[in-house]
Structure formats: structure tokens, C-alpha cells
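Only the coordinates and a few stated rules stand behind these numbers; no lab work does. Because the structure is predicted, anything quoted here is derived from the model rather than measured. Using ideal geometry, Cβ is built from the backbone for each residue, glycine included, and neighbour counts are taken over all protein chains shown.
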Amino acid sequence: MASKYARKSGTREQKRRFVIAVEGEETEYAYFNELIDKQIGKNPRLQVEILPTIDGASSPVAVLQRLHEKINVGVYCPEDSFWIVIDKDKWQGKQLGTITRESRKKNYKIAMSYPCFELWLLLHLKDLSKLSAIEIPLLRGKRELKHEIAKIRKSLPHKENIGMHLFLNNNRLMIAIENAKKLNTATNANYILTSHGSSVYHLVEELLSFIDTEHYL
């Protein structure tokens with residue numbers, strides 16, 4: 001089998017490729033697709049492929065395996081980036097520890113949200129670092145986070161709150177990154193979260209280093 005990281009000869013400049021395996025079947029896939037569709041066409045140096053969950057195989061181990069299988073049948077360069085986007089919610093330390101060890105071995109990166117990806121979405125709209133210790137537990141699960149997002153969505157003009165546009169218009173993406181940093185002091189993407197937060201911002205920042213961000217500033 002050819003090396004997964006072989007460099008093609010005769011090319012002046014390689015594209016930087018991202019392969020992102022996500023836990024969700026719809027939400028994460030839609031978010032990253034819209035983020036990329038807005039800007040990706042402007043940068044010929046970047047290619048992104050998103051691998052959604054299929055048939056409910058959404059455990060962290062299944063997400064990791066999906067990424068691994070994709071890489072095994074492709075040809076990639078050492079500079080390419082491989083990510084898994086997962087939720088902390090019900091998954092226990094043993095399984096997450098396995099994911100972390102395997103990811104480090106293979107140079108994969110982890111973008112985790114605690115308790116789930118909807119918290120990352122809410123960070124586009126709200127600074128959770130300002131919530132009290134009593135208020136934070138009220139956002140303990142996906143249902144509560146979706147309810148909070150829906151309340152904010154209803155308060156905004158219709159043209160601003162359609163689908164993922166709610167999170168990706170104006171300067172909200174940059175706000176989400178700053179809000180996530182306030183909750184998460186981890187300096188690397190393979191950190192297992194133990195409280196409310198999201199390290200998805202590590203992935204988004206890496207993507208934005210190749211994407212024209214003037215639209216968001």
C-alpha cells in the first residue's frame with residue numbers, strides 16, 4: 001500500500017487538505033459545510049472533506065474509525081489536518097482516553113464540546129463565562145441548549161436567523177472563538193473537557209488561517 005502521506009511529484013504547490021469526521025448526522029455537517037461554502041472557493045490552496053455519521057454510528061470510537069478508514073484509502077501529505085468532532089456528553093473517561101491516545105499516535109486532532117456541539121453554537125450568541133454557577137447547570141444537555149438557542153433566534157430579525165446563517169453572519173464566528181477561549185484554557189486540541197466548553201475553536205481557527213476572514217470582521 002502506498003504511503004498515506006506521500007507527496008505527489010511534479011506539483012509546484014500542494015493543496016492543504018482537511019478531513020473532518022463529525023459525530024452528528026446533520027448539525028455538525030451542516031455547520032461546517034456552510035462555513036466552508038461561504039469562503040472556500042476563494043482559496044485554491046485548501047480542500048476540506050467532512051465525514052458525517054451514517055446509520056447512527058456516532059460513538060467517539062466510530063467517528064475515529066471513520067476518519068481512519070478514509071485516510072487509509074487516500075493519499076495525503078504530512079501538512080494535511082485530520083480532525084474528529086465529538087461530544088463529551090454521555091461518553092465515559094475510558095472511551096475518551098482511548099480516543100485521545102489513538103489520536104496522538106496518528107496525529108489526529110480532537111474538537112470536543114461539553115456537553116455537546118450545541119454549546120459551541122450557543123457561544124456564537126452568548127458569553128457563557130458570565131453565567132453564574134447556578135445558571136450553568138441549566139444548560140446541562142442538548143435539549144436545554146437547543147431551547148436557549150431557539151429563544152435567541154426568535155428575538156432576532158428573520159433575515160439573520162435562517163439556518164446556520166444565524167451563527168455564521170457578521171462577526172458571530174469571531175465572537176464564538178473568543179467566548180470559547182474564556183471557558184477553555186487548554187492550549188491544544190486533544191484536551192478532554194471536564195466542564196462546559198468547546199475546543200471546536202481550535203479547528204475553526206485553523207480553517208480560518210486559510211480563509212479570507214474579512215467577511216466576519
| query | Rounded to the nearest 0.05, what FRET efficiency do Asn72 and Lys142 have when you use their Cβ-Cβ distance and R0 = 25 Å? | reply | 0.20
| note | Pseudo-spin-label distance Lys182 to Glu49, built 7 Å along Cα→Cβ, given in nm, is 3.9 nm
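Suppose we look only past 19 Å in the calculated P(r) of the range 94-183. What percent of the Cα-Cα pairs does that tail hold? Please report the intermediate quantities before stating the final value.
Numbers: 1921 of 4005 pairs.
Roughly 48 percent, rounded to a whole number.
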| request: Would you please report the Å³ per residue occupied by the convex hull of the alpha carbon atoms in the range 33-104? | output: 117 Å³
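Could you tell me what fraction of 2.2 N^0.38 Å the Cα radius of gyration of the range 16-216 comes to, as a two-decimal ratio?
Working: Rg = 16.3 Å, N = 201, 2.2 N^0.38 = 16.5 Å.
For the range 16-216, the normalised Cα radius of gyration comes out at 0.99.
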| note | Rounded to the nearest whole number, the per residue volume of the convex hull around the C-alpha atoms of the range 67-112 in Å³ is 72 Å³
| remark: Computed ³J(HN,Hα) along the range 86-103: with the Karplus parameters 6.51/-1.76/1.60, θ = phi - 60°, integer Hz and x for glycine or proline, the list is 9, 9, 7, 2, 8, 6, 8, x, 4, 5, 5, x, 4, 4, 4, 4, 5, 5
